[in-house]
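Here, each number is a calculation from the coordinates, and none is a lab measurement. This one's a predicted model, so the numbers in the text were calculated from it and none came from an experiment. Ideal geometry is used to build each Cβ from the backbone, glycine not excepted, and the neighbour counts take in all protein chains shown.
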Amino acid sequence: MSSTKYILGLFDDPDDMMHGIDKLQKNSIPIYDVYTPMPIHGIEAKLGIKDSRLGYAAFMFGCLGGTVIFSMVYYFLVHDWPINIGGKPNFAIPDFIPPTFEWTVLFAAFGMSFTFFYATHLFPGRAPRVMDLRATNDRFVIAIDAKGNVPHEDITNLLKEAGAVEVKHNDRKYVSYE
Amino acid sequence: MASHNESIIREPLVTGKDITYAKVTEDVLSPVENKPNKAWWIGFTVASLGACLWVFAVSYTFWYGIGSWGLNKTVGWAWDITGFVWWVGIGHAGTLISAVLLLFRQKWRNSINRSAEAMTIFAVICAATYVVSHMGRPWMALYTLPLPNQYGSLWVNFNSPLIWDVFAISTYFSVSLVFWYIGLLPDIATIRDRASGLRRRIYSICSFGWTGSVKTWQRFETVSLILAGVATPLVLSVHTIVSMDFATSLEPGWHTTIFPPYFVAGAIFSGFAMVQTLLLVTRKVLGLENYITMFHIESMNKIILVTGSVVGVAYLTEFFIAYYSGGEYEQYTFLNRFIGPYWWAGCMMYGCNILMTQLMWFKRIRTSIPISWALSIVVNIGMWFERFVIIVTSLHRDFIPSSWAMFYPTWVDVSVFIGSIGLFFTLFLLFLRVLPSIAMAEVKLLLKSSSEQAKKKLIDEGHLDKSQVEYYKESLINYDSVKISDYEKV
């Protein structure tokens, strides 16, 4: 029994890597994840990752922000301490638009960003779970869970055929832990 | 991906031979991973001396009060608000580059957005310090927020543009910061994975554990796009509201409906000038000529020309409306800009912003680096004088001649202003040392399609229209980072 936990195919070209994904999938080898130094369009479709719903989050947070500040201003200027400014109406909606707009944007931006951090488990101090240190530099890495998968040699050959510059058999899942 | 090639008539966004993904990382990170060079130290020394001056002048203001400035009963706003509006305006270019150009899918933004956004943040910091120091008693800043208090509670007045401004500037600053930082995450992760020891630990904390997996990238792009979508109206609203600080008053010269669009155009104008000032030096000192190319410089000059002309039209409209309104106070204010005691400020404003910018119509000027740099400084100066003219020249002679007065800055006024420039450059130079000044991940996206080497390969393959190739080669002549002799035999 080999001690290999993960097999990594390292590519130096995104097109070769896409080719590698196709080859693996044609041979029914499940892909654990793919790590790239830049966003590569089309991988998410191949790996079956659904569209992000962060837009809905942004919209809801925006609505919340707008409602909160509008209600606050209404309470301050109309209910709690109405000021007589030349007899003009206290409920001066046009004047409420700028703060309402600003907080709509503020809540949408922050709400969405924090939802993004929460959903992708990003936070300051989180131990980076890196499988190969060059994946943030110049290598496009396909990671395959070695357990229960077809002979490792076959996977290695498939990746090499697709143009992988290097294939690693890692005994540890993450190299970034000290 | 590379299933289709970019048209050859588009100029390359990354020049140089043998630019690989690793080379991009090396080039961009070299100032971060190595000891700074002499130019950096000289710049940093000068800038931090300026920042010290700022600390001293602002402390002096807080100790002795606003009376240490040259303000008087008639001219109650002068260098402070001039500086504030100047810095806020400068900040606008960063958001414009990162948000508006992203929405328009302008790929040339990729190599300049990072430093432009950093510039935005530092400029807004400078602007915010002006507002707080103008309070004289900085702890009073708390009362601009709608917090419950022992006076009733007496709330802030949401009918006032000054309160809108508090909301606009604080929202703008924090949203810009989030936008900038999320964009930085992948690049901080790159530094982390190349570093060791303490550096690695620090960058590890800052990287939030970024790995570059498919799902994070996909979410990252969604977040960037939506942030760009909300930041675009935000940036327009911010300077609109800044202009309303003036436009909602009854002061001749301020009380005009043209102010919001006029201020927004002016802000973009001055902001791009500042980006140009910074990047032309940065690319030279840090050796980034391959990433910030002549195409970027010329594109920015074109934006400066367009927005400068918009500002020019706004100036003419102001004059016409002053004449057409028949209001004698309004008419006098505009005449006073040329025949009053501050005529020289008016000349600086109109000369620098309109006349000098029109030189940009000539391609030779747009593509000359020294002239572009000089003109960007001229625009920075002109835009400072614009705010000075609007504020001081309008205030010093308004309705009642008996209260007319002159404004003379004291050394504290001058020091706060020069100091704020020092503060800005200190922050910017520190940024260049610790964070990548170019968004590496985004530039890597351009390599396969928009780089000079990719286009050269296409030409070498020889299936392209001859006239288009000629056109392309001609466009490369102005590039200082391209050896045109490489193309002679092609």
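DSSP loop (so not H, G, I, E, B), at most 16 other Cβ within 10 Å: list which chymotrypsin sites (Phe, Trp or Tyr not before Pro) in segment B:363-401 pass both filters. List each step's numbers first, then the result.
Working: sites: B:Trp373, B:Trp384, B:Phe385, B:Phe388, B:Phe399; in loops: B:Phe399.
Of the chymotrypsin sites (Phe, Trp or Tyr not before Pro), the ones in loops of segment B:363-401 whose Cβ has at most 16 other Cβ atoms within 10 Å are B:Phe399.
Taking trypsin sites (Lys or Arg not before Pro) across segment B:28-136, the ones in a DSSP loop with at most 16 further Cβ atoms lying within 10 angstrom of their Cβ are B:Lys73, B:Arg105.
Excluding same-chain neighbours fewer than eight residues apart, the lysines reachable from B:Lys363 by a Cα-Cα span under 22 Å are B:Lys107, B:Lys284, B:Lys302, B:Lys473, B:Lys483. Spin-label model, B:Leu154 to A:Lys160: label points 7 Å out along the Cα-to-beta-carbon direction sit 8.2 nm apart. Using a 7 Å offset from Cα along Cα-Cβ at B:Ile66, what residues in segment B:98-132 end up with backbone N under 14 Å from the label point? Inside the label zone: B:130-132. Counting every other Cβ atom within 10 Å of each residue's Cβ, B:Ser30, B:Ser420 order from fewest to most as B:Ser30, B:Ser420.
With the Cα gyration tensor of segment B:44-108 giving a ≥ b ≥ c as the square roots of its eigenvalues, does the rule (a/c under 1.5 for rounded; else a/b larger than b/c for prolate; else oblate) give rounded, prolate or oblate? Intermediate values should be presented prior to the final figure.
Values: a/c = 4.70, a/b = 1.87, b/c = 2.52.
Oblate, because a/c is 1.5 or more while a/b does not exceed b/c.
Helix A:93-119 versus the longest principal axis of chain A: what angle, 0 to 90°, nearest 10, using Cα atoms? The angle comes out near 20 degrees. Summary of the geometry: segment B:59-101 and segment A:10-65, compared by the centres of their Cα atoms, lie 46 Å apart. Given Cα positions, please report Rg to Rh for chain B, the hydrodynamic radius being the Kirkwood one. Value, to two decimals: 1.00. Only DSSP H runs of four or more residues enter the estimate; each adds -39500 (n - 2.57), and after division by the residues of the protein assembly as shown the mean residue ellipticity at 222 nm equals -19500 deg cm²/dmol.
Within the same chain, aspartates and glutamates fewer than 8 places from B:Lys35 are excluded, and of the rest, those with a Cα less than 15 Å from its Cα are B:Glu26, B:Asp27.
Counting 0.36 nm for each residue step from B:Tyr408 to B:Cys347 and taking away their Cα separation leaves a gain of 20.1 nm.
Cα centroid distance between segment B:422-461 and segment B:248-314, in Å? Segment B:422-461 and segment B:248-314 have Cα centres separated by 21 Å. Reported to the nearest whole Å, the Cα centre-to-centre distance from segment A:101-178 to segment B:177-225 is 12.
With K and R counted +1 and D and E -1, the other residues having a Cβ less than 10 Å from that of B:Ile484 yield a net charge of -1.
Applying a length cut-off of 27 Å (Cα extent along the axis) and a mean Kyte-Doolittle floor of -0.5 to the DSSP H helices of chain B leaves B:38-64, B:113-134, B:161-194, B:214-247, B:259-285, B:294-325, B:369-388, B:411-434.
Less than 13 Å Cβ to Cβ from B:Trp79, Lys/Arg counted +1 and Asp/Glu -1: what total charge do the surrounding residues give?
Numbers: positive: B:Arg387; negative: B:Asp80, B:Asp413.
Neighbour charge sum, excluding B:Trp79 itself: -1.
In this structure, the pairs whose alpha-carbon distance is over 20 Å, taken from A:Lys23/A:Lys50; A:Lys50/B:Lys444; A:Lys46/B:Lys457; A:Lys26/A:Lys173; B:Lys17/B:Lys456; A:Lys23/A:Lys168, are A:Lys23/A:Lys50; A:Lys50/B:Lys444; A:Lys46/B:Lys457; A:Lys26/A:Lys173.
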